[in-house]
């Protein structure tokens, strides 16, 4: 791989990481608003925990899928595989960061019960599907900002419903119900994040395409 190609990969991944970090912060702010609007309470320490966890998840999973935008062939398959691989890594990383920040702040540590692993499995399948669909969409005439957002919303609605159902099942198993604030937080997160990640991929693909075009022009001129 040439120095110019390496620089291009580094530039694309840098853009993907920064956009994903901003997405993680924005989604956590929307979740906070949804929680408060549904009558929930939020502490500064819990918000810091959520931000740290959300940003870690966002940066790892979105940047992982975005790497597939550089593929020349079989982009859909490659991005699907990247989603399949990056989602469990991102989920584990997010939970690790979450527990680390909780420990640092002296907050109660989240119990890593069956629900955590079940949701992680659902998200692994979700981002494999999302990556595959986006890989077939980018660099086609249908690759518009609107279509990317719609694909993300559709995938989020399907898998978000499964995640919400799992949360209800586990709450019922312990004789309780999901608080309205928890339901609102899940709905906002599971709808907005996949849509936001799809939008991040859209802009990363546009950036990667422009960078490749500039390198081709520079090579021709040299």
### Task
For residue 56, state whether it is part of a helix (DSSP H, G or I) and surrounded by 22 or more Cβ atoms within 10 Å (Cβ to Cβ).
yes
### Query
Is it the case that some residue within the stretch 130-141 is assigned to a helix (DSSP H, G or I), free of Cβ contacts under 8 Å to residues at least 12 places away in the same chain and over 18 Å from residue 71 (Cβ atoms)?
no
### Task
Could you please let me know if residue 61 is over 21 Å from residue 155 (Cβ atoms), buried (at least 19 other Cβ atoms within 10 Å of the Cβ) and either more than 19 Å from the chain's Cα centre (by Cα) or modelled with pLDDT of 90 or more (or both)?
no
### Summary
When (1) in a helix (DSSP H, G or I); (2) in contact with a helix residue (DSSP H, G or I) (Cβ under 8 Å, 6 or more places away or on another chain); (3) closer than 17 Å to residue 163 by Cα; (4) at pLDDT below 95 are applied to residue 117, the one that fails is (2)
### Task
Give just the number: which of (1) in contact with a helix residue (DSSP H, G or I) (Cβ under 7 Å, 6 or more places away or on another chain); (2) over 23 Å from residue 209 (Cα atoms); (3) at pLDDT below 90 does residue 55 not satisfy?
(3)
#### Entry: Residue in the stretch 24-41 that is under 30 Å from residue 181 (Cβ atoms), at pLDDT below 90 and in a helix (DSSP H, G or I) present
no
### Task
Scan the stretch 90-114 residue by residue and report those that are touching a helix residue (DSSP H, G or I) at 6+ places or on another chain (Cβ under 6 Å) and either free of Cβ contacts under 8 Å to residues at least 60 places away in the same chain or closer than 24 Å to residue 62 by Cβ (or both).
90, 91, 93, 94, 97, 98, 101, 102, 109
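The values are calculated or read from the model by the stated rules, or taken from the named source; none is laboratory data. Here the structure is a predicted model, which is why all the values come from computation and not from measurement. Neighbour counts are summed over all protein chains in view; Cβ atoms, including those assigned to glycine, are modelled from backbone coordinates with ideal geometry.
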